[in-house]
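Colleague: Quick one: this structure, given as structure tokens, is what I'll be asking you about.
The values are calculated or read from the model by the stated rules, or taken from the named source; none is laboratory data. Fair warning: this is a prediction, and the values are worked out from it, not measured in the lab. Cβ placement follows ideal geometry from the backbone for every residue including glycine, while neighbour counts extend to all protein chains displayed. Ligands, DNA and RNA are excluded from the accessible area calculation, which covers all protein heavy atoms including side chains. Shrake-Rupley method; radii C 1.70, N 1.55, O 1.52, S 1.80 Å.
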Amino acid sequence: MTRITLVQGDITDQQVDVVVNAANSSLLGGGGVDGAIHRRGGPEILADCRRLRASHYGKGLPTGRAVATTAGRLPARWVVHTVGPVYSAADYEGRAGLLASCYRESLGVAVELGARTVAFPAISAGIFGWPMEDAARIALTAVTGAEAGRGVLEEVRFVLFDGAAYETFERIW
Ligand code: AR6
């Protein structure tokens with residue numbers, strides 16, 4: 001059985017096999033979780049991202065997909081970068097599907113790597129503007145329903161940056 005856990009904290013502190021990054025299609029860094037991961041993990045992560053762009057994703061990583069790099073100096077072994085959708089009430093259904101896909105694809109990549117423990121941030125719920133309550137519902141539904149990782153992953157941890165996000169996830173869970 002995979003344990004689902006919720007913690008309040010900084011995702012770059014987590015002692016897990018995989019830390020998931022809420023990246024953008026460029027894979028070349030940004031603010032929020034992405035900025036924190038590259039700052040703390042160091043230049044090796046960006047070097048890997050540049051190689052991936054050159055070899056597989058000339059136009060960028062599509063929304064809803066996930067790819068792995070080294071975790072550089074982070075305590076984790078790998079970073080799995082995924083691109084969440086920007087929130088849009090006018091295009092809700094399609095984008096909610098892409099947000100769920102981020103969680104499923106990231107778990108699939110983590111399992112292929114041989115990971116046992118994975119930490120997720122609240123993808124799309126910061127700079128990309130997704131309302132936290134709905135982001136939490138989509139995240140928890142996607143992870144509990146995912147085939148990938150069933151019987152293999154020991155823990156999927158949601159790392160919520162502030163108390164309000166933590167309480168929202170706890171309430172939805
Ligand atoms: N640890 C855990 N959670 C964090 C951390 C941290 N160190 N820092 C922020 N959060 P965001 P998005 C929370 O904006 O909405 C970047 O520029 C944050 O409070 O990181 O998917 C990328 O390059 C929020 O609840 O990701 C993209 O361009 C959640 O993590 C864009 O932002 C996600 O916020 C992606 O935006």
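Colleague: So how far apart, in nm, are the two label points at Val7 and Arg39 if each is 7 Å from Cα heading toward Cβ?
Modeller: For Val7 paired with Arg39, the spin-label model returns 2.0 nm.
Colleague: While we're on this one: Please work out the C-alpha center-to-center distance from segment 16-41 to segment 101-173 and express it in whole Å.
Modeller: The two parts, judged by their Cα centres, are 15 Å apart.
Colleague: Shifting gears a bit: Would you please give the FRET efficiency between Ser88 and Glu155, computed as 1/(1 + (r/R0)^6) with r the Cβ-Cβ distance and R0 = 35 Å, to the nearest 0.05?
Modeller: Details: r = 32 Å, r/R0 = 0.92.
Once the sixth-power term is evaluated, E becomes 0.60.
Colleague: Using a 1.4 Å probe, what is the accessible area per residue for the chain, in Å²?
Modeller: Here the per-residue accessible area is 46 Å².
Colleague: Can you compute the helix-only [θ] at 222 nm over the chain? Use -39500 (n - 2.57) per DSSP H run of at least 4 residues, normalise by all residues, nearest 500 deg cm²/dmol.
Modeller: -13000 deg cm²/dmol
Colleague: Only Lys, Arg, Asp and Glu count, each charged at its Cβ (+1, +1, -1, -1), so figure out the dipole size of segment 28-90 about its Cα centre, rounded to 20 debye.
Modeller: 100
Colleague: A follow-up question, please. What is the Cα coordinate range of segment 105-173 on the first, second and third principal axes, sorted by size from largest, in whole angstrom?
Modeller: 32, 22, 18
Colleague: Sticking with this structure for a sec: Report the far tail of the P(r) of the chain, meaning the percent of Cα-Cα pairs longer than 20 Å.
Modeller: 46
Colleague: In the chain, carbon and sulfur make up what percent of the accessible area (probe 1.4 Å)?
Modeller: 51
Colleague: Also: Relative contact order for segment 54-173: what is it in percent, counting Cα pairs under 8 Å that are at least 6 residues apart?
Modeller: It comes to 24 percent, rounded to a whole number.
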